[in-house]
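> A single structure is presented below for examination.
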Amino acid sequence: MQTVKMVISGAVNSGKTEFIKTISEIEVVSTERRATDDTSKVKDKTTVAMDFGRIAIGNDLVLHLFGTPGQKRFDFMWEILSEGMLGLIILVDSTRPETFRETNRIIDFFVSYRDTPYVIAANKQDRPNAWSPDELRLALRQPPHVKVVPCVAVDRESVKSVLLDLLYTILERSNEEG
């Protein structure tokens, strides 16, 4: 059985913890603590180190899902958590355009630090004011080859679809290189 490390990152309140909780087959290891800074205006608790979940894909593949903290003051964890990752999901709260600049900063960090396949998950697509994946692609200045996919982090099928998109992206990349 092969174990693969995936990292889920994004700005504060983009849905990283929910994404992992929705799909994990084990109880998620979470480091959520009471928010004490500006984050408390958007949510009561925030991830301070990581979230960890696990899901088996068939009989021969297990995904270890590591969620990063979204707050800038905990961004030192990004490098630690990305060590050995095979793929990256950037979650974006598609109802909060004020977070798009921070999302770009996160994308820039991971893309410049590691040449890892990634997809962008446009979360909260079930809400009426959500930007579409195409609108997000433009706002985030993403090239056509980067997948920007719809997501609802509390819906298991939606989360599964995002993970499959990432796995296909990884396969495509390895076929191009091999």
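> Among the residues of the stretch 91-108 satisfying the criterion of being outside any helix (DSSP H, G or I) and in contact with a helix residue (DSSP H, G or I) (Cβ under 8 Å, 6 or more places away or on another chain), which is surrounded by the fewest Cβ atoms within 10 Å (Cβ to Cβ)?
ASP93
> Right, something else. From (1) surrounded by fewer than 15 Cβ atoms within 10 Å (Cβ to Cβ); (2) touching an Asp or Glu at 6+ places or on another chain (Cβ under 7 Å), pick out the condition that doesn't hold for ASN123.
Single failed check for ASN123: (1).
Listed here are the residues, each with its yes/no results for (1) in contact with a Gly (Cβ under 7 Å, 6 or more places away or on another chain); (2) β-branched (Val, Ile, Thr); (3) within 21 Å of LEU63 (Cα to Cα); (4) free of Cβ contacts under 8 Å to residues at least 60 places away in the same chain.
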site	(1), (2), (3), (4)
TRP131	no, no, no, yes
GLN142	no, no, no, yes
VAL149	no, yes, yes, yes
ARG156	no, no, yes, no
LYS160	no, no, yes, no
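> State yes or no: is ILE80 modelled with pLDDT of 70 or more and over 19 Å from LEU163 (Cβ atoms)?
yes
> Consider VAL111 against the criteria (1) surrounded by fewer than 16 Cβ atoms within 10 Å (Cβ to Cβ); (2) assigned to a helix (DSSP H, G or I); (3) over 14 Å from the mean Cα position of the chain (by Cα): it satisfies all of them except one. Which criterion is unmet?
VAL111 satisfies every listed condition except (3).
> Sticking with this one: Quick one: what pairs do we get from the stretch 115-127, first residue within 21 Å of ASP155 (Cα to Cα), second part of a loop (DSSP other than H, G, I, E, B) and of a type in the set (Asp, Glu), C-beta under 8 Å, 6+ apart or different chains?
Sorted first by the residue in the stretch 115-127, then by its partner, the pairs are ASP126/ASP155.
> Moving on to the next point. Is there any pair with a first residue in the stretch 19-37 that is at pLDDT 70 or above and a second that is exposed (fewer than 15 other Cβ atoms within 10 Å of the Cβ) and not in a loop (DSSP other than H, G, I, E, B) whose Cβ atoms are under 8 Å apart and which are 6 or more apart or on different chains, and what are they?
That search, which allows pairs on different chains as well, returns THR22/ARG156; ILE23/ARG156; ILE23/LYS160; GLU25/ALA56.
> Now, a different point. Taking only pairs six or more apart or across chains, which ones have beta-carbon atoms under 6 Å, a first residue in the stretch 91-106 that is more than 20 Å from LYS147 (Cβ to Cβ), and a second residue that is buried (at least 17 other Cβ atoms within 10 Å of the Cβ) and modelled with pLDDT under 95?
Once the first residue is more than 20 Å from LYS147 (Cβ to Cβ) and sits in the stretch 91-106, its partners that are buried (at least 17 other Cβ atoms within 10 Å of the Cβ) and modelled with pLDDT under 95 give GLU102/ALA11.
> Moving to a separate point now. From the list ALA130, ALA122, pick out the single residue that is under 19 Å from ILE20 (Cβ atoms), at pLDDT 90 or above and not aromatic (Phe, Trp, Tyr).
ALA122
> Please go through (1) part of a helix (DSSP H, G or I); (2) basic (Lys, Arg); (3) at pLDDT below 70 for LYS43 and return the number of the only condition it doesn't satisfy.
Unmet condition: (1).
> What residue, of LEU167, LEU163, LEU81, LEU88, is hydrophobic (A, V, I, L, M, F, W, C), part of a strand (DSSP E or B) and closer than 17 Å to GLY53 by Cβ?
On inspection, the qualifying residue turns out to be LEU88.
The values are calculated or read from the model by the stated rules, or taken from the named source; none is laboratory data. Remember, it's a predicted structure, so these values are computed and weren't measured experimentally. A quick note on method: Cβ atoms are made from the backbone with ideal geometry, for glycine too, and the neighbour counts reach across all protein chains shown.
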